[in-house]
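The values are calculated or read from the model by the stated rules, or taken from the named source; none is laboratory data. What you see is a predicted model, and the numbers here were worked out from it, not measured in a lab. As a convention, Cβ positions derive from the backbone with ideal geometry for all residues, glycine included, and neighbour counts pool all protein chains shown.
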Amino acid sequence: MDITDEDPTSPRFLIAGRMTRDYILFPDGRALLDVPGGSALYSAVGLAVWEPDPPPGVVARIGADYPQEWLDKFEQHGLDLRGVRASPEPVDTRSFVAFSDRTARSSEDPVVQFAWLGLAFPRALLGFRSGKAQLDSRTRLAPTSVRQGDIPLDFMEANAAHLCPLDYLTHSMLPAILRQRQFTMVTLDPSPGYMNSTFFENVPALLTGLTAFLPSEEEVRSLFQGHSSDLWEMAEALAGYGCEIIVIKRGESGQILYDASSHARWEVPPYPARLANPIGAGDAFCGGFLAGYRRTYDPLQAVLFGNISSSLVVEGDDPAYALDVLPGLPEARLESLRLSVRKV
């Protein structure tokens, strides 16, 4: 049976990444404790802002303690979570972030961070250790790594996929598997665990054949440390490894876009959103980018779609907030943002 023809509920987009239990502290003393988050969730929401039907297919590994009511909630909001698997081995999906201002963040020393704000330390965070400074393994999958067997069969009938930050080994294998299954669009947001000078000779192989590579400025500068300090030079070098589009996410400075086919360079400022929670902004951008590129096949328009997805997500404390905004708001913001882009 041709699943694409016979089953209209099969997803057209696949999102693979992580789903986490977030603990977030803000400099004004506000705290979000044990709330749903993670790259897969925010990317799927950013995509569903533009392409809600059929629901995007989410693939991730969670622990057995991940709340079922969260899964139910996001399914009710239009995400296809059949690819979310409870791992047979213990998985710590806790994530901790403390903001010292609008964008500066730290995931270290949660006990100290809670004490600084005069907040009681939650027992659920006992034993938490940040893995941000750890290098990825070149030979061993992580407990949260997505395996090919985790992907439902009909998800493989989609033709567009986004790979959220995962480990090096997963990112080195999954794009080739998807291309073999006739995926025509594969975008990838790299992991800090390999975006550093130690992996400088390994990263090029990950980019070959990608539709778009979507790193943050911090990650690109870490990778090119000792090689270059010019963002446009870095973007052109990355495109030279066989990737069509390079977008470098710059937080409150927006995005820069390098189109390999035309050698065009664009700067896109962020939409002036009301900032409530910056977590997930970059992931939502990636989901919106994929939706925009599949709809328009125009890299600049795709960046605008991603930019607006990000602007909607950061205005709420819950990822689902962006899926409940007034009808027509994303399109209105899109038209406004188009006036602000600049060709370099």
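List of remarks:
- Being within 30 Å of residue 150 (Cβ to Cβ), of a type in the set (D, E, K, R) and surrounded by 14 or more Cβ atoms within 10 Å (Cβ to Cβ) holds for only one residue in 129, 94, 138, and it is 94.
- Taking residues in segment 58-82 that are more than 19 Å from residue 124 (Cβ to Cβ), and partners anywhere that are in a strand (DSSP E or B) and of a type outside the set (A, V, I, L, M, F, W, C), the pairs with Cβ atoms closer than 6 Å and at least 6 places apart or on different chains are 58/83; 59/83; 61/85; 80/57.
- So residue 36, is it within 29 Å of residue 159 (Cβ to Cβ) and of a type outside the set (A, V, I, L, M, F, W, C): yes
- Unique residue being modelled with pLDDT under 90, assigned to a loop (DSSP other than H, G, I, E, B), of a type outside the set (Gly, Ala, Ser) and buried (at least 18 other Cβ atoms within 10 Å of the Cβ) when the list is 103, 144: 144
- Of all the listed residues (233, 219), the sole one being among the acidic types (Asp, Glu), within 25 Å of residue 200 (Cβ to Cβ), part of a helix (DSSP H, G or I) and free of Cβ contacts under 8 Å to residues at least 12 places away in the same chain is 233.
- Residue selected from segment 10-25 under the condition in a loop (DSSP other than H, G, I, E, B) and modelled with pLDDT of 95 or more, by the criterion farthest from residue 81 (Cα to Cα): 12
- Of all residues in segment 267-321, those satisfying the criterion of being outside any helix (DSSP H, G or I) and of a type in the set (D, E, K, R) are 267, 274, 298, 315, 317, 318.
- Test: residue in segment 60-79 that is touching an Asp or Glu at 6+ places or on another chain (Cβ under 6 Å), at pLDDT 95 or above and either outside any helix (DSSP H, G or I) or under 25 Å from residue 332 (Cβ atoms) (or both): no
- Of the candidates 150, 230, 167, the single residue that is crowded, with 19+ Cβ neighbours inside 10 Å and not hydrophobic (A, V, I, L, M, F, W, C) is 167.
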